[in-house]
Amino acid sequence: MSSLLLALALALYLLTTATFIAQLITGHPTMGRVAHGLLACAFGMHAASLAIRAGAVGYEAVATFHDELSFIACLMVGLYLLLAWRTNLTVVGALVTPLAFLFSLSSYALHARTPELSPRLQSIWLPAHVAPAFLGYAVFGVAFCLSWIYLLQERQLKGKRKGDLFRRLPSLEVLDNLNYRFVTWGFALFTVGIITGSLLAKETWGELWSWEPVQVWSLLTWLLYAGLLHARSVGWRGRKAARLTIVGFVILVASFLSVNLVFPGKHGGTFG
């Protein structure tokens with residue numbers, strides 16, 4: 001049942017992406033409402049798929065690479081829907097939805113038998129680590145999309161192409177402020193995830209820090225986002241901040257993929 005719901009969510013994500021693109025081209029407000037309705041249905045199916053899987057396997061629901069991808073994609077969509085409920089940012093949905101589709105498709109394609117989780121990891125520290133860390137990933141993912149929209153809008157302004165698409169894009173100030181807020185919240189959540197992950201490592205393997213590949217990558221990403229927030233505090237905004245946000249998320253995704261597929265260490269694949 002869980003796999004069927006995920007497959008249906010995938011189909012709806014693809015249909016929603018097409019609807020968002022059609023809305024951007026035509027500018028018809030009805031298309032935007034339809035797109036958000038479809039996305040809400042997709043999110044509901046996706047969340048139900050994760051809930052059913054969690055009910056069936058417990059902690060193991062966040063212990064494999066494909067489950068982690070699915071969880072992050074669902075969180076991204078949920079965050080966007082909350083954002084869309086408060087602001088008119090249909091254009092951001094046109095980026096968030098295909099990104100969630102790609103993550104979910106990878107999850108569906110890589111689905112495999114769920115391994116048994118080590119009893120040492122079945123503690124309160126596992127959800128305390130996974131929840132803020134993956135929510136931080138999702139927040140950074142939305143910031144990544146906002147940054148691309150910022151660069152697109154800036155290009156429209158510089159080229160003096162103030163057509164229909166320009167009027168449907170948020171202002172640079174709105175995009176920059178939202179980007180800053182999302183990066184700030186993502187950084188806070190990511191920090192909590194690193195701290196609780198170290199406490200989980202201490203309980204499981206006997207040491208807070210062992211220079212595992214995932215720990216090294218996480219530290220590098222944390223430093224990059226910390227540098228971005230510091231630069232913003234001294235007035236570094238706009239295009240530079242947007243580009244650095246994009247770089248940060250690319251590094252985050254690269255680290256996530258590498259520790260699961262290339263340099264697994266203790267964390268790769270199943271949390272060991």
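Taking label points 7 Å from Cα along the Cα-to-Cβ direction, residue 47 and residue 243 give a separation of 3.8 nm. Taking each residue as 0.36 nm, the span from residue 223 to residue 202 lengthens on full extension beyond its C-alpha to C-alpha distance by 5.3 nm.
The modelled label-to-label distance between residue 158 and residue 82, using points 7 Å beyond Cα along the C-beta direction, is 3.4 nm.
With the cut-off at under 20 Å, measuring from each backbone N in the range 72-105 to a point 7 Å along the Cα-to-Cβ line of residue 257 picks out 72-77, 95-105.
In a reduced charge model with +1 at each Lys and Arg Cβ and -1 at each Asp and Glu Cβ, the range 197-242 shows a dipole moment near 540 debye about its Cα centre.
Where a number appears in this text, it was derived from the coordinates with a stated rule and is not lab data. The shown structure was predicted, so the numbers you read here are calculated from the model rather than taken from an experiment. Cβ atoms come from the backbone with ideal geometry, glycine included; neighbour counts cover every protein chain shown.
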